[in-house]
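> I'd like to ask you about the structure that follows.
Read-outs: derived from the displayed coordinates by stated rules, not from any lab. These numbers come from a predicted model, not from an experiment. All Cβ positions, even for glycine, are placed from backbone atoms using ideal geometry, and neighbour counts span all protein chains on display.
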């Protein structure tokens, strides 16, 4: 047996550069036990087998798509990455690089503007289904695409404010002052520094006591509507979208949001418990529509925390789509570590990792919402549980 120095060409882990060679048969096997190496680089500096193959077959391959390819889904982007020569040269890294490259182009593609401001209430009385995550990431996705977006944090926990990097300690003017003290929204709104075209009305812990204080007030259910109407009619105020992030309850704060909004967006976690209680939310929406806000309608349902490896997630998704039809967005949001990490840095996933699967999914969901708004198909019939 003799030794020869070679470099692995098919992605096997490095073996220190030494491969055992049988002088009689010429058979090569790694001294560390890795499978036989069939794609090697000549020690003299000649082209590798892969380079030769790419050189010979280049004319037969489809042209690699440009980074500015728009109007495609996240799955299409991954498919394009697979089709290019990068996918052949370096399987895992090149595919991710191609997807990231196209994500940059996709991220900067403009989205259609609605004819008038769309006020969307993100509600679900069950906690942990992704309401706040959905609110801030959809808002960020629309903003980075050139639209003007306002996020109103109506949850006393203030998680939306945290994710957008907005201070919301007790001394900060907040939505509490708007709801209880009738402070104009323009006096408490803050600009999100990380993203152009995005603003936030923060929530502080004071909001936890607002439900009790609102009980004895006149027109307690319509205070959000009054404040929003006044703000949207103010000179220089021009938003394409307003998102209201609701607390995980069906109390007065959520009722105020439903009265103040035009559309309801319901995030549904792809697990069985997420379906329980949904009928009660829909009944409450019907009651608000019948007595307080005739224009309110459930326009959007978004599947969140989708895990394609489990049969349960597929079954829940299928059941939701069967029951709610076209109200459910085609895009589902996958479970993603990047989505979970982003708030700890005071960011949305759109700025934290714009090429991640979570960012691409929220971008696609935002595009669906924007295109529905441009086509005038946002207000359907009220959904009954």
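> Given a Förster radius of 30 Å and the C-beta distance between residue 191 and residue 216 as r, what FRET efficiency does 1/(1 + (r/R0)^6) yield to the nearest 0.05?
The formula returns an efficiency of 0.30 here.
> Using 0.36 nm per residue of separation minus the Cα-Cα distance, give me the extension gain between residue 180 and residue 226 in nm, one decimal.
15.3 nm
> Would the stretch 121-197 count as rounded, prolate or oblate if I go by the C-alpha gyration tensor, calling it rounded below 1.5 in a/c and otherwise prolate when a/b exceeds b/c, oblate otherwise?
oblate
> Follow-up question, since we're still on this one. Which of rounded, prolate or oblate describes the stretch 219-353 when judged by the alpha-carbon gyration tensor and an a/c cut-off of 1.5?
oblate
> In addition: Applying 1/(1 + (r/R0)^6) with R0 = 30 Å to the Cβ-Cβ distance of residue 338 and residue 279, what FRET efficiency is obtained, to the nearest 0.05?
0.35
> By how many nm would the segment from residue 249 to residue 205 lengthen if fully extended, with 0.36 nm per residue of separation less the alpha-carbon distance?
On the way: separation 44, 0.36 × 44 = 15.84 nm, distance 1.60 nm.
Length gained between residue 249 and residue 205: 14.2 nm.
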